[in-house]
There are 2 protein chains.
Amino acid sequence: MNYKSLAIIFSTVLTSGICFAQTTVVEDFKKSETTQQGKEYPQVNSEGRVRVQISAPEAKKVQLDIGAVKYDLVKDDKGIWIGESAPQDEGFHYYQLNIDGASVPDPSSLYFYGASRWGSGIEVPATDQDFYALKNVPHGEVREVHYFSKTNNSMRRCFVYTPPGYNENTNKRYPVLYLQHGGGEDETGWASQGHANLIMDNLIAEGKANPFIIVMDNGTWARPAQAPAQGGQGGRPAGPWPPEGWADGFKNTLLNDIVPMIDSNYRTLADQQHRAMAGLSMGGMQTRVITLANPDVFSHVGMFSGGSISTDDISKSPNFKDKVKLLFVSYGSREIENPRAGSADPKANTEALKQAGINTHFYVSPQTAHEWQSWRRSLKEFAPLLFK
Amino acid sequence: MNYKSLAIIFSTVLTSGICFAQTTVVEDFKKSETTQQGKEYPQVNSEGRVRVQISAPEAKKVQLDIGAVKYDLVKDDKGIWIGESAPQDEGFHYYQLNIDGASVPDPSSLYFYGASRWGSGIEVPATDQDFYALKNVPHGEVREVHYFSKTNNSMRRCFVYTPPGYNENTNKRYPVLYLQHGGGEDETGWASQGHANLIMDNLIAEGKANPFIIVMDNGTWARPAQAPAQGGQGGRPAGPWPPEGWADGFKNTLLNDIVPMIDSNYRTLADQQHRAMAGLSMGGMQTRVITLANPDVFSHVGMFSGGSISTDDISKSPNFKDKVKLLFVSYGSREIENPRAGSADPKANTEALKQAGINTHFYVSPQTAHEWQSWRRSLKEFAPLLFK
């Protein structure tokens, strides 16, 4: 659409009184939690519409790109473009702007790592946002930790959440949850857009969860640089998806480097009964592979929008049934409504697992998709079940 | 310049063999420390030129904006724009792109808070970059801490660096440095683009500095929302710059909230002899005001590109001379070469302070300006002098 035709449409709207989508927009926009301090946009209204604004006087076309849809912005006489999206689900969404064909972050938003890049994110206020709000309660710490990994022969970084009281109760030891991000995300996600620390602080303050340590590392699997490109140790074997070797890169790092490093540097209860693993999406699939192969290492298992473990899986890992105390499986409701072709019904699978004697919990996040609000809620439901 | 004229110039260059600036560019560009993982640009060459690339097929004009200069990029036949800056000083610089009049972050860079916004930063490799490199040495932690401030009646955030050994040596207590950012920056700066944690880890590994805790908080002074807009407690008083009341907002938060919170949550040596304050630019000016008024609280003082303390100042704060064990003043060499009109000669001032019996250290960072490389180096010089 060129300028002239836009102007014609606009004139038509103004003179005829015909109303398009714009007129249905509720004008109660407010700045978002993810709007940069000192900036006026992005804003969100009570419908969950996201409104952005950017000065681009020489641009021909500017769009807001959110939820896989591009929305045209409209320019005023000062060269400032403004416009909004259709209503979005509650919670956090990645987005970007498109300026004359260039996809760029919104200069007014905070930035987050997801979709394999640092970029803009928007927080759409949720009816239940109180559970991850920053409150005047005792707070734990999120610690940035650098350590050497023998498996990767390199320095790595993880984030460690220590719960409120960790610094004061110097004789107390704590259980540990290893909590993984999804594909295209990294070790920063859970304590940034995931609010894992605030979720735990609030649960602990309300007496709903026992305090434990959370370790958030980078599970992105990459073929080691020194390995051959095809075949051999570094090559991806043929077979079912996810292939058997798929989680190995992170499995070895987790078991041989991360767990020993955590157990030697923090006051952990360093046994299977006090060690959990969970993850979202790709992190859930990694949790499946790693815990099925190592039921002597982990006792509590969580998979958020990351598939499930079947009775067939468990029959091939006999110690799993004896040793694993909890299997938690969750999805956003929109994932269940629109299951991928060929995927198993997770609810039916849960019932089969219960019948087989596995302590299985199934949770569905209302009206959310494969996004962070589903995973925040999953952690909130999962954490109170741990280490009881 | 429009498209056609650009094409004409290009044709002229190609046919005549006349060479403009481009031909002097050394083609040894490499990705920067601040290039996002998986992205190919931004890159930097051995001259310190910064080269950026962005796809913007419909754009008319794209520029790289760095060091207060805008450099035109050139578009190829696939709509990808590319170009580079003049050589930049060693170290870290903020920058942005301009696409048809819109100032936006480079979607391929990492992001940092400075110039009052989250935006792109570029690392130009420095001859002395080893002192802030991530190495396989014992590492401290950078802890994100949320706490309630009575002064501000709100939750606040700071980052606390605990040195290597802090978790293991559970009976050991440590001195504390309160380390402040500059104007338009925030509590994230020192442990991100400042690399304060890596500088300390390396100094401690080499036995050049005693381990101490560093507290990095947000010193941005804002009139409290409940105060009157003009006059009264919230109004800025008339008088010399910086005005007397200027640092009060942060001074009260620091002395009444932050220091007590740190002393009660960390194993500090909670006395004047083991407490230092330093800051860069605005943070240096705050250090001046706060330490002159409170020599019973701080024993070691650092001002990086943030002015100095004069013999006249000290004569008005008699306890300062008796109680303060170290005054460290530093600048980037380009700040000294081009002093602001009316500013005192810092070198002469240092000599006067020494004559007056103050243990004063003066440091000049070679060939750097009012930028992070000056402040990284300042911390490297300052830290070994502390708590001896």
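The values are calculated or read from the model by the stated rules, or taken from the named source; none is laboratory data. Given the structure is predicted, the values throughout are model-derived calculations rather than measurements. Cβ: placed from backbone, ideal geometry, glycine included. Neighbour counts: every protein chain shown. The area values use the complete protein model at the heavy-atom level, side chains included, leaving out ligands, DNA and RNA. Shrake-Rupley method; radii C 1.70, N 1.55, O 1.52, S 1.80 Å.
Taking interchain pairs and intrachain pairs at least six residues apart, which have beta carbon atoms under 7 angstrom, with the first residue in segment B:199-210 and open to solvent by 60 Å² or more (accessible area, probe 1.4 Å) and the second part of a helix (DSSP H, G or I)?
From residues that are open to solvent by 60 Å² or more (accessible area, probe 1.4 Å), the pairs are B:Lys208/B:Pro384.
Could you tell me whether segment B:319-335 includes any residue that is outside any helix (DSSP H, G or I), free of Cβ contacts under 8 Å to residues at least 60 places away in the same chain and surrounded by fewer than 13 Cβ atoms within 10 Å (Cβ to Cβ)?
No - not one qualifying residue is present in segment B:319-335.
Show the residue pairs that are 6+ apart or on different chains and have beta-carbon atoms under 7 Å apart, the first residue being within segment B:18-46 and over 17 Å from B:Ser108 (Cα atoms) and within 14 Å of another protein chain (Cβ to nearest Cβ), the second being modelled with pLDDT of 95 or more and open to solvent by less than 80 Å² (accessible area, probe 1.4 Å).
none
Is there a residue in segment B:140-156 that is within 11 Å of chain A (Cβ to nearest Cβ), touching a strand residue (DSSP E or B) at 6+ places or on another chain (Cβ under 7 Å), surrounded by fewer than 19 Cβ atoms within 10 Å (Cβ to Cβ) and not in a strand (DSSP E or B)?
No: zero hits.
Within segment A:348-355, is there a residue that is on the phi > 0 side of the Ramachandran plot and without any contact (Cβ under 8 Å) to a residue 40 or more places away in the chain?
No: zero hits.
In segment B:157-190, which residue that is at the interface with chain A (Cβ under 10 Å from one of its Cβ atoms) and not in a loop (DSSP other than H, G, I, E, B) is most open to solvent (accessible area, probe 1.4 Å)?
B:Arg157
One line per residue, one yes/no per condition, for (1) small (Gly, Ala, Ser); (2) closer than 18 Å to A:Thr35 by Cβ:
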residue	(1), (2)
A:Val74	no, no
A:Gly83	yes, yes
A:Gly91	yes, yes
A:Gly101	yes, no
A:Gly121	yes, yes
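Among the residues of segment A:278-304, how many are farther than 14 Å from A:Gly182 by Cβ, open to solvent by less than 10 Å² (accessible area, probe 1.4 Å) and touching a Leu at 6+ places or on another chain (Cβ under 6 Å)?
The number of residues fulfilling the criteria is 1.
On the basis of being out of contact with any Lys or Arg (no Cβ under 9 Å at 6 or more places or on another chain), among the acidic types (Asp, Glu), farther than 23 Å from A:Glu185 by Cβ and open to solvent by 10 Å² or more (accessible area, probe 1.4 Å), does A:Asp72 make the cut?
No; evaluated as a whole, the condition is false for this residue.
Do you know which residues across segment A:38-54 are within 28 Å of B:Trp221 (Cα to Cα), surrounded by fewer than 15 Cβ atoms within 10 Å (Cβ to Cβ) and at pLDDT 95 or above?
A:Glu40
If you go through segment B:347-361 one residue at a time, do you hit one that is touching an Asp or Glu at 6+ places or on another chain (Cβ under 8 Å) and assigned to a helix (DSSP H, G or I)?
No: zero hits.
Please count how many residues of segment B:93-131 are closer than 24 Å to A:Cys158 by Cα, open to solvent by less than 30 Å² (accessible area, probe 1.4 Å) and away from chain A (no Cβ under 13 Å).
Of the residues in that region, 3 qualify.
Which members of segment A:60-69 meet the condition of being over 15 Å from B:Ile99 (Cα atoms) and surrounded by 13 or more Cβ atoms within 10 Å (Cβ to Cβ)?
A:Leu64, A:Asp65, A:Ile66, A:Gly67
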